[in-house]
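Engineer: I'd like to ask some things about the structure below.
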Amino acid sequence: MGNTMWDSPFNLAVIDWFSQFNAMSARANQVIQYVEAAYLFKGLPVMAVIWFHWFGADDAKPDTRRTIIAALIGCVLAVFIARLINNIAPHQVRPFANAALPYVEYVGLAARESQSLFDWNSFPSDHAALFFSLAAGIFMLSRRVGILVFLYVLLVIALPRIYLGLHYATDILVGTAIGMGSVWLCTRKSVVDLVGERCMALLKRHPGAFQTIFFICSVEISVMFTDVRSFMTAARSFF
């Protein structure tokens, strides 16, 4: 598997700890699997907090919308960096497909059939990069709400992916660092002033068009660009 880090003592200890719960409850496993796959519980609740701050901002709080724009740019940058590393780093098979690990059977769940899950490099986690970057952006707007969103992302998005064998703990940690670092970089005052002022000028000049584009782009971010990726895959088949 090349120079991967899946067999670090930390990863193995985390996998061993989670394995004690795999056979405890079929219903719990089914709920965890559903929540892990459903953007209704992943991206949309997190993005809803962004929308609350965006649409709740008034002319007296211009910094709120400028910060949101910069943070969303950081989210896109985080996913780009994570996917770039994912494609150039040595291939690291996902835990559930790793023949070097003991086979784990999840009571109540069918065996995985999607070949892409077997072929896709697990390192780093683009889920962690995206959703922890969104949490970091929210933290810039409200520390109290941001902490709650960090906990939500950890418990509802990150840990289920480790539990179900989709990622190693280090995949999540590195993805988190990429996400938070990207948002930190993009929310520096110089970036916020440069990008934010231009976007606010466009918002003032074309409010309907800007709000529509903002909403569509934010939805695509919240579902990890699923529709965009599907469109690009379909488009490639014509050439």
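Engineer: Kindly evaluate residue 183 against the criterion of being touching a residue at least 60 places away in the same chain (Cβ under 8 Å), out of contact with any Gly (no Cβ under 9 Å at 6 or more places or on another chain), surrounded by 15 or more Cβ atoms within 10 Å (Cβ to Cβ) and within 26 Å of residue 54 (Cα to Cα).
Structural biologist: no
Engineer: Do you know which of the residues in the range 16-27 that are touching a residue at least 60 places away in the same chain (Cβ under 8 Å) and out of contact with any Gly (no Cβ under 8 Å at 6 or more places or on another chain) is surrounded by the fewest Cβ atoms within 10 Å (Cβ to Cβ)?
Structural biologist: Here the answer is 24.
Engineer: Within the range 15-29, is there a residue that is part of a helix (DSSP H, G or I), modelled with pLDDT of 90 or more, of a type in the set (A, V, I, L, M, F, W, C) and in contact with a Ser or Thr (Cβ under 6 Å, 6 or more places away or on another chain)?
Structural biologist: Checking the range 15-29: not a single residue is part of a helix (DSSP H, G or I), modelled with pLDDT of 90 or more, of a type in the set (A, V, I, L, M, F, W, C) and in contact with a Ser or Thr (Cβ under 6 Å, 6 or more places away or on another chain).
Listed here are the residues, each with its yes/no results for (1) within 12 Å of the chain's Cα centre (by Cα); (2) touching a residue at least 40 places away in the same chain (Cβ under 8 Å); (3) in a helix (DSSP H, G or I); (4) crowded, with 23+ Cβ neighbours inside 10 Å.
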residue: 147; (1), (2), (3), (4): no, no, yes, no
residue: 155; (1), (2), (3), (4): no, no, yes, no
residue: 159; (1), (2), (3), (4): no, no, yes, no
residue: 162; (1), (2), (3), (4): no, yes, yes, no
residue: 166; (1), (2), (3), (4): no, yes, no, no
residue: 176; (1), (2), (3), (4): yes, yes, yes, yes
residue: 191; (1), (2), (3), (4): no, yes, yes, no
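The values are calculated or read from the model by the stated rules, or taken from the named source; none is laboratory data. If you're wondering where the values come from, they're calculated on a predicted model, not measured in any experiment. Heads up, the Cβs are rebuilt from the backbone with ideal geometry, glycines too, and the neighbour counts pull from every protein chain shown.
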